[in-house]
Every structure is written in C-alpha cells, then in structure tokens.
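For reference, the structure is listed below as structure tokens.
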Amino acid sequence: METALSVLVGLFFAVAIYLLLSKHTIRILLGVALLGNAVNLLIFTAGRVLRETPPIIPDGLYTPPVPVANPLPQALILTAIVISFSFFAFLLVLAYRAYQDIGTDDTDEMRLAEPEGDRLPPLGY
Amino acid sequence: MASAPSLTFLVLLLPFLAAAIAPLLTRALRHNAAWLLALVPLFNLVHFAGFLPEIAAGSPVTGGYAWVPEVNVNFSWYLDGLSLTFALLVTGIGALIVLYSGGYLKGHEDQGRFFSFILMFMGAMQGLVVADNFLTLFVFWELTSITSFLLIGFDHSRAASRRAAIQALVVTGLGGLSLLAGLLVIWNVTGVSELSLLLATGDTMRESPFYLAAFLLILGGAFTKSAQFPLHFWLPNAMEAPTPVSAYLHSATMVKAGVYLLMRLNPVLGETALWETVLPIFGGTTLIVGTLLATRQTDLKLMLAYTTVASLGLLVMLTGFGNEGAIAGAVLYLIAHSMFKGGLFMVAGLVDHESGTRDITRLGGLRKAMPVTFAAAVLAAFSMGGLPPFFGFLAKEEMYYAMVQGDAWSIAVLATAVIGNGLMFVIGFAVALKPFLGEPVETPKHAHEGPVLLWLGPATLGLCGLLAALFSATSHAYFSGPMASAVAGTPVPVEITVVPHPGAALYLSLFTIALGILFYWNLERIRGMMTALLNAIGWGPDKGFDQVMRGLVRLAGLFTRVIHNGKMEVYMTVTFAGIALALILPMWLFGEGPAMPAFPQLPFYEWTILAIAVIGIAAVIIAKNRLTAIVSLGIQGFAVAVIFMLLGAPDLSFTQFMVETLSVVILALVMTRLRLSPADHRPTGEKLMDMTVAGLAGIGFGLALLKITQIPFDNSLTDFFNANSRVIAHGRNIVNVIIVDFRGLDTLGEISVVMITGLAILALIRIRKPRRGAAAGTGEG
C-alpha cells in the first residue's frame, strides 16, 4: 500500500506544483488546495499504513488489544487540514478582493508592491 | 590585590554608567552637569595614576574575569607603560573635554545626549588601550567606531554631518574587521589570546609563514583608524562634529588607536625589513601630504585636522624607523601632540564660539578681547612648533638624535621629518597667532573672553606641555620612559631635557624653525599653489568614497531588480526547482535512492479509489471551464477522504469530507461571481518548462517517500501514546487525546491561527476602496 500511496503522493505534488506555477490566481488557488492534500497524504504514508483498525481503545481496556493505525500522523494531519482550510479561505478572499480592486487575475499585472521600473534608493547621505 | 582588579573593572564600566544618567543630570542641572560628570574621568585618572609607581618600577599589572572560558575569551586588562600613559591621556583630557563641552554646548537642547555619547566614547577608548584579551580589544575597538559615528553625526540634521559620520564608520569599521582577522591569525599562530602573553612569544610571529598576512591585516586596522594616506580622508571630514569632539577624537583618542596598536605590536611584529620599510613610507607620505593639505585650508579646524593627519604619519614613521631613539621620539611626540593638539582644537572652538567664525582670513586682533585664550594658544603653538622649553621640543630633539645616522634611508626619513615639522610649525603658529595679532577685524559676533568652562581645558593642556618639559626627569621616569620601554620591548632610558645641547639635532631644530618661519611668511603663496595643484588633479579618495558608495547602492538596486523582479512565476519556478534538486540530487549523488518495490497487491476497491483520486487531479488540470475544475477538485478531495477512511483514520476522514465540501462550495460561490477563465494561456515552451519542474519535484517527493517507507520505523512515540492515552489522559480515542491533551498547546496555537485568519478574512471583505464606496453610494460592508 505504501508503494501505491507514494506514487499517488508524487502525482499530487506534480499536479499541485504545476498549477502553482501558473500566472492565474484561480489556478494557483486550485494548486494550493491540492498541495494541502499532497502534504497530508505524505505525512500519513510516512507514518506507515497498518490498515483498517482505527486507534481507539475499546471500553474496559487500558491499551489497544490489537495493532492499530498510527495515531500520531493522524493528529498532525487533523491540525494541518484545519489550518490549510483556513488559509485556503483567506487566499480565496484575497484573490477575490485583488481581482475586484486591481481588475486582473494575472500575477504579472499585480505590481502594486513591486512596481515596474522601481527607482534606486537615494544616492545621497 | 583582591580589591584592585574589581576596582579597575568598575573604572572601565564607570563611563558607561555615567553615560546612562548624563541626560537626566543635564535636564536637572543644564550645562553645570559638566562639573559633576567630569568627576568620572577624573576619578578614573586618579585610579590609573595610582599604578604609576608600580609600572615605573617595571612590573606590568594584569587582571580580569573569564568571559567565555571554553574558547579562551576573557574580559581582561593589561597595564604597562604604554597602556597606562594612554589611559591617563584618555581620562585626563576626557575630564577637560567634558568641562569644555559644558561651556561649548551651553543651552543646546541635546546637550545631555552629547554628554552621554562622549562619555560612552571615553569608556570605549579607555577599554581599548587597557584591553589584554584580543576579543576585549576588538570589542572596544569597534565601540570607538560606533560611538565616534554617533559623535560625528551629532548634528544629524545636516547632510555633510551625516556623510562624515557614515564615512568614518565605513572606513574605521572595515579596518576593525581587518584587525579582527589579523588578531585571529596571530591567535592561531602563537596560540595565545592575551597581549601580555603575546609579548613573551619572542620571534614566533616573525618566523611564521603567516607573518605577511598578519602584518597586512593589522596594518589595515591601524591605518584606517589612524588615517594614513590614502585612507586619511575621513579625518578632516569628521570636523563636521562639534569642536569638543574634534578636540577629543583627534588629539589623544580615536585616531591614536591605530598608532597605539602599532606600538603595542611593535615587539611582536616589528624589527623586520617589511615593518621598517612599509611603516616609514606610508607614515612619511602621510606626513607630507597632511601638512601640504593643511596649508591650503583657511578654516581653523580643518588646518588642525590636516596637521593631525600629518602628526599621525610622523608617529607611524617613527614607530617603523626601528631604533630605540626613534621610538622614544615617537612616544614623546605622542604625549606632546595629545596636549597641544587638544588645546589648539579647543582654542579654535573657543574663537569660533566667541567670534562666530573660524575662517582665518576673517579673524584678527583678538588678543585684547580674549587674552586667556591667546595665552593658551601660544603655549600650545610653542609646543607644536617644537620650541624650548616645551614638551614638543623634547620630542623633536629626540627624533632628530635618533635619525642622524648618515645612510641614505635615514637621510630621506630625516628630510621628510624636517620638512613636515617645518610645515606643522607654520600651521601651529598660523592658528595660534593670526586670529589674535594684527588689526581687529569685524567678526559676526562681538568677541570677548569665553567662560571658565571653555578656557580651562586649553589653558591646562598648554601649562601641562610646559611643566612636563621643565620637570622632564619626572615625566620621563613615570611616562615617557616606561612607555618607550613597553613599545621597544626592552628598557629604553629617556634622558632628554630642555637644555639645548649643541649638536646635529639642535642645528636641525634651528633649521626646522627657520624653515617654518620662511613658510609662515609665504603661507598665502603656498595656499594658492596647493589650491591650483589640487584643482588640477581634481580627484581624491574623498570623491572616490562617494563613487564607491553610489556604486554600492546601484549594485544593490541592480541585484534587487534581478532577484526580486516582481514576477511571481519566476519566484515559484526557482523555489520549486530548488526543492526538486534538493530532493533528487543527494539521493542520486550518494546512491541513497529507494529500492525497486514489488508491485503492490491491493484489493479491488482500493485500486478503484486510488484511480478516482488520479482522475480527480487530472481533471483539475485539463478542465476547460472553472466549474468543472472546481468539481474535479472536490472529486480528489473526497477520494482522499475515502483513503483515510479505509486506512484506519475515521477522524481524518470526517474532517476531510467537511473541509472539501466547504472548499468546493465557497470556491464555487466566489469564483462564479468573477468572469474568470481557468484555462491555461501560457505559451507551449513555458508549459513544458513548468511541467518539467513540477514533474521533477513530484518524482522527488515520491522517491523520498518511498525511501522513507523502506527504512525501519521508530515506533517509540506511537507506543507511548498508545500505552498512555487511557492510563494517564483517560481518553479512548487516541488521536483526540493527542490533540486535546498531549499536544494541547499546539492545538491552542492552531485555533489562534484559524481565528486570526477569520479576522483577516472579515477585514478583507469589509474594506472598500473609498472612491468606489463614495461613487456608488453603497453601504459599508
């Protein structure tokens, strides 16, 4: 299973990065969303895959009776999913507002902070 | 001796403590705070003077504390004839300068800050000259650069002042780095990090193959600080500082630090052909250039500044000349120079303060209005001109004695010294006589004698120059003798007195004076010639400095434009190409790639769900309209959620389902309101390039993950959580226990991030462009 998942993670990364390299904000956003899933799957697979049993201790016992799935990556990913979602929402609104105010979704034309032909800093003292 | 080390430590710290309270004190007492603040350097002077008998008897004093003992860095001090005389000059003149600043900047709104800066500088300088450990020395050395930057730029509202401050900082700061490198070379070669121990290493340094490197690096430090040609330009520019700063930095302190360094290392690095050639050549050139440039000036302070450059040249020349007499001459001249130059600078400031100008062509006849100042000026000028019975005379006699040897090299050096001294004689008397003699001239302010705070300093220094010479036996026993011995590394007796002895040295002295008088009558003509000459050259290191600084800014601008060009896809491409290389290259170079895995044997439903995920991500790329792309994004998200579900992670699965649903819904809501085409309009070449980068990065991540899963897994953390989540934390769902209990603080951080993002989103939605809101008349938010 790890082998298959490794290939899938590689594909996820390739597609996410390809989208991120685009100049259009909407494609970059899609790339960000995919990248989140790619990273989550990476962490999940790196913690090894033990199949079906969820890491839950049955009532009346103090430790899991059978080998269970690794709980640590799951805890990490749970945190990561929520954070990547909130960032995705933020980026989405940012892109939307930028389009409203600047009138473009092309990153080449968004040059408010780094205007083209920026002048030199002062040469005096 | 138990109390003496700690008291010395306090003395080293005291100026910095005084600097901290100086502004408060000045707010309360105004300029009279000077009387109180001057007690600090005075206290230090008395403390250091207490060491005089011990040092004069030939036993140096060391002390200090371990700082970083693991690497042999100590906060330690070393007092011998050289450092003690310097410490006395720094503190003694420091006390007079503090008093002088009280009068000079009386009523200035930032006088408190000025006191603070000058006391900090004094602390740095005093630490520099008594430092024993290399690192202690370096720290104080750099502190003098930084505090002198603050002092020179004190009047920071003027561009000239800012330029001078930056120039001094750049030149001496670079020199400081050179010094650090030089000290590290010496440390590595000799294995000692204390000056006191270094002086006992004999010929180790001279015989080392790294001698040349250490020599050049140390000169880099000394020549920048002591303004040797062609690095002299920052010193005259530093005259932009208020006069008390000029009087202090350019008489006994800052610029002497380089000479101190050379003298200190003379027993270790000196007495080689290289040392005895390079130092006199640079020193001699600086002496002649400095005096010639001085004749061109009409501003009192600038005239003095260039003679300071010249004097430093003379000191370097004598230090490198290589016999004991020359060293004794250098020591005597250094002491004399500290006193007469400090005094003359203060006189120049006093004249400026009272008459409103320092231009020598607009001054005259002040002797009646300012008799005390005139007396102080004449006392200093006599010493500077080397007339008996003043200390400067002793210095000149001693150096001439030492250099009368008859070989061509000595004659060349001697001639340089005679011409340089003759020209300095002119400047000294021009500064001391021209403003005071002759017919009274109308000045911007009506001149009268300055207050006691202002004339106390120059008068004291002038008298010291006289008394030190009259009681030459005492001054040689306590100051010049021990100092010359420390510089030479062997006991050097200094016996010269004010009584002239007929001989070559005396005739040379008389010749110098005659030369000086000749130059004095022709000062106007020399000035005209020098101005014409410099105009003909039209370029100097000072202009060069501006060119270098502008070049730096242009280079930085160019670099920024190339690296930081505002094109996001370039940043992204570089970043991901770098990531791909970082993942693949090490694996490839070190043969650490994953082993070829067996073909996975998976149940049918797992293949299906993997296939759905792949179809989902493929569809995102090739979708022709935005809605298809967004829905495809949902497909891969749900596929991932199902994978989590199948592999024992139900919590992840639920969260993933929720998050993906929400993402798709809000993405659809927001994006359908924009007329955007998600299709790709890039040229094919760019697409291929992006595909290569993305493909390589994907392969890198896939291979790295494969490799990770093939090496043994460290289960200890997982075992800990499995074993303890019920026992300690009383929870059966281990994932939840980790999140809310074991790693509860992380979760708090996560919630804060989510909250802040929520606030930011709210803010983004609420801001409206003012003109749009006003024009359309729509409500806010």
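Looking at A:V15, A:V66, A:V82, which is the one that is assigned to a helix (DSSP H, G or I), hydrophobic (A, V, I, L, M, F, W, C) and surrounded by fewer than 21 Cβ atoms within 10 Å (Cβ to Cβ)? Of the residues listed, the single one that is assigned to a helix (DSSP H, G or I), hydrophobic (A, V, I, L, M, F, W, C) and surrounded by fewer than 21 Cβ atoms within 10 Å (Cβ to Cβ) is A:V82.
Of the residues making up the stretch B:552-608, just one is among the hydroxyl-bearing types (S, T, Y), more than 7 Å from every other protein chain (Cβ to nearest Cβ) and surrounded by 15 or more Cβ atoms within 10 Å (Cβ to Cβ), namely B:T575. Taken together, B:R626, B:R675 contain a single residue that is at pLDDT below 90, over 24 Å from A:M1 (Cβ atoms) and surrounded by 20 or more Cβ atoms within 10 Å (Cβ to Cβ), which is B:R626. One residue alone among A:L42, A:L61, A:L50, A:L72 is at the interface with chain B (Cβ under 7 Å from one of its Cβ atoms), in a loop (DSSP other than H, G, I, E, B) and not β-branched (V, I, T), and that residue is A:L50. Among the residues of the stretch B:444-480, the ones that are of a type outside the set (A, V, I, L, M) and either in contact with a Phe, Trp or Tyr (Cβ under 9 Å, 6 or more places away or on another chain) or farther than 30 Å from B:A328 by Cβ (or both) come to 15 in all.
Yes/no per residue for (1) crowded, with 24+ Cβ neighbours inside 10 Å; (2) touching a residue at least 12 places away in the same chain (Cβ under 8 Å):
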residue	(1), (2)
B:Q111	no, yes
B:F115	yes, yes
B:L143	no, yes
B:G153	no, yes
B:H156	no, no
B:A159	no, no
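Is it the case that B:T291 is assigned to a helix (DSSP H, G or I), in contact with a helix residue (DSSP H, G or I) (Cβ under 7 Å, 6 or more places away or on another chain) and not hydrophobic (A, V, I, L, M, F, W, C)? Here the answer is yes, as B:T291 does meet what is asked. Look at A:V93 and say whether it is at the interface with another protein chain (Cβ under 8 Å from one of its Cβ atoms), surrounded by 16 or more Cβ atoms within 10 Å (Cβ to Cβ) and in a loop (DSSP other than H, G, I, E, B). For A:V93, the condition - at the interface with another protein chain (Cβ under 8 Å from one of its Cβ atoms), surrounded by 16 or more Cβ atoms within 10 Å (Cβ to Cβ) and in a loop (DSSP other than H, G, I, E, B) - is not met.
This table checks each residue for (1) modelled with pLDDT under 90; (2) on the phi < 0 side of the Ramachandran plot; (3) more than 10 Å from chain A (Cβ to nearest Cβ); (4) not in a loop (DSSP other than H, G, I, E, B).
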residue: B:N722; (1), (2), (3), (4): yes, yes, no, yes
residue: B:R726; (1), (2), (3), (4): yes, yes, no, no
residue: B:N736; (1), (2), (3), (4): no, yes, no, yes
residue: B:I739; (1), (2), (3), (4): no, yes, no, yes
residue: B:T747; (1), (2), (3), (4): no, yes, no, yes
residue: B:G758; (1), (2), (3), (4): no, yes, no, yes
residue: B:I761; (1), (2), (3), (4): no, yes, no, yes
residue: B:R771; (1), (2), (3), (4): yes, yes, yes, yes
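Starting from residues that are within 7 Å of chain B (Cβ to nearest Cβ) and of a type in the set (G, A, S), keep the ones in the stretch A:1-24 and report whichever is nearest to B:Y571 (Cα to Cα). Here the residue is A:S22. Please verify whether B:P650 is facing chain A (nearest Cβ under 8 Å), in contact (Cβ under 8 Å) with a residue 60 or more places away in the chain and surrounded by fewer than 21 Cβ atoms within 10 Å (Cβ to Cβ), treating the condition exactly as stated. So B:P650 does not fit the description; no.
Tallying residues that are farther than 23 Å from A:M110 by Cβ and in contact with an Asp or Glu (Cβ under 8 Å, 6 or more places away or on another chain) within the stretch B:526-569 yields 0. Of the residues making up the stretch B:683-716, those that are more than 7 Å from every other protein chain (Cβ to nearest Cβ), hydrophobic (A, V, I, L, M, F, W, C) and part of a helix (DSSP H, G or I) are B:L688, B:M689, B:L696, B:L703, B:A704.
Every residue, every condition in (1) surrounded by 17 or more Cβ atoms within 10 Å (Cβ to Cβ); (2) of a type in the set (F, W, Y); (3) out of contact with any strand residue (DSSP E or B) (no Cβ under 9 Å at 6 or more places or on another chain), yes or no:
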site: B:G731; (1), (2), (3): yes, no, yes
site: B:V735; (1), (2), (3): yes, no, no
site: B:V740; (1), (2), (3): no, no, yes
site: B:G744; (1), (2), (3): no, no, yes
site: B:E750; (1), (2), (3): yes, no, yes
site: B:G758; (1), (2), (3): no, no, yes
site: B:A763; (1), (2), (3): no, no, yes
site: B:R766; (1), (2), (3): no, no, yes
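Kindly evaluate A:R27 against the criterion of being among the basic types (K, R), within 7 Å of chain B (Cβ to nearest Cβ) and within 22 Å of B:F638 (Cβ to Cβ). Yes. Checked against the criteria, A:I77 does not count as closer than 18 Å to B:L705 by Cβ, aliphatic (A, V, I, L, M) and more than 8 Å from every other protein chain (Cβ to nearest Cβ). Entry remark, the stretch B:429-463: residues being part of a helix (DSSP H, G or I) and over 28 Å from B:L84 (Cβ atoms) number 9 in total.
The set of residues from the stretch A:29-62 being surrounded by fewer than 21 Cβ atoms within 10 Å (Cβ to Cβ) and either closer than 20 Å to B:R626 by Cβ or among the polar types (S, T, N, Q) (or both) comprises A:V32, A:L35, A:T53. Select from the stretch B:435-461 the residues that are farther than 30 Å from B:E54 by Cβ and buried (at least 20 other Cβ atoms within 10 Å of the Cβ) and list them in ascending order. B:P435, B:F436, B:T443, B:A447, B:G450, B:L453, B:L454, B:W455, B:L456, B:P458, B:A459, listed by residue number.
The values are calculated or read from the model by the stated rules, or taken from the named source; none is laboratory data. Here the structure is a predicted model, which means the values were calculated and not measured. Note that we place each Cβ from the backbone using ideal geometry, even for glycine, and neighbour counts take in every protein chain shown.
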